[in-house]
Each structure stands twice: as C-alpha cells, then as structure tokens.
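Below is one structure, written out as structure tokens; the observations come after it.
Quick note: the coordinates plus some simple rules give every number you see, no bench work behind them. The shown structure was predicted, so the numbers you read here are calculated from the model rather than taken from an experiment. Note that we place each Cβ from the backbone using ideal geometry, even for glycine, and neighbour counts take in every protein chain shown.
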Amino acid sequence: MALAATWAGAGLSGCDRPGCDGVVVTNPAAPQVTRFEIVDSFPDDPWTLVLAIDFANASPALRSGNALFYVGPSTDPLRLPLQQPFAQVGLPTDAPSGRLGMLFPLNSGLIQDGDLLRLAVQLEEGNAGDQNGLRSNCSSMDLSFDVRALRQTAQLLRRAAANVRHWLL
C-alpha cells in the first residue's frame, strides 16, 4: 500500500511488507494478520496513528490477547490488549475474522522530520491469562515523516477558518 505525502494531511508514507525481521510464527494454527494499514491520523496530533488490522483464522482466545507492536529495530514489543478494540467494532468473542481499529501513539520526542521508521504488528491469543498464547504472522510497514509540512498546512487551515467566521459575523 502506498500513501501519498498529502494523505489525510498526515505527511506519512507506508509500504506493507509481510513478515518481521527476527519474528517467527509460533504455530501455523495461529491467527493471521491479513492486512495492516494506517487509516488516518489527527491534524493536531500527527504522532497518533489510527491503524486498521484485518485478521483471519482466529480462535475465541484472540479477544483476550494482545496486539504486539514492534517499533524500529526493537525486539521488545509494546503490548496493547485486544478486548477494547473487539468491543468497539462489535465483533463477537468467537469471530474467526474481522477488522480492528486501534490508536497508536508514537513518541514525538524520538522521531524527527525526515526519519524512517518500521512499524510492525503481530497478534497474540490470550491463553488463560497467560501472555504467551499462539502468535500470528507479522506484518510491517516503513514510515517516513514530514510533520513540518503538516503543521504549516494545519495553521493555514485554522487561519482560513477564522477569516471565514469573521466575515460571516
């Protein structure tokens, strides 16, 4: 998937790639990530991404599991529980496939304009409260950031909106 630099004003571009460096599927019966993409970001907060994760071949244990996010070269994932994303989109507990939406905040203090960053996701089923259930394949994308242009565009839009309000009053 290719995202234009002007996509939703986010100043991001991404490329979906199957597999993650150094991350191995633990079991072929595990859930599968079939699509991983950026859906949007917020004009006033380009560091928070709205992500969509499509999955298939899941057991009911996925709902009690986690999304594991690998940022950059890190092999230590950030674990985000899946119960709330399942509930938000109304997926039943035993849904074998579906699309989840998640907000993912990036650390703006560590990322500068022009930086390239790999973001990867893997789904992990819950296993009676254990965080080591079956893991899915892994999907990743490379992101490049142009936040300066986004901020300038947002400022221009705010000024234009203020001018329109002034002229209407």
Residue separation between ASP142 and ALA29 times 0.36 nm, minus their alpha-carbon distance, gives in nm 37.9 nm
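Using the beta-carbon distance between SER74 and VAL164 and R0 = 41 Å, what value does 1/(1 + (r/R0)^6) give for FRET efficiency, to the nearest 0.05?
The computed FRET efficiency comes out at 0.35.
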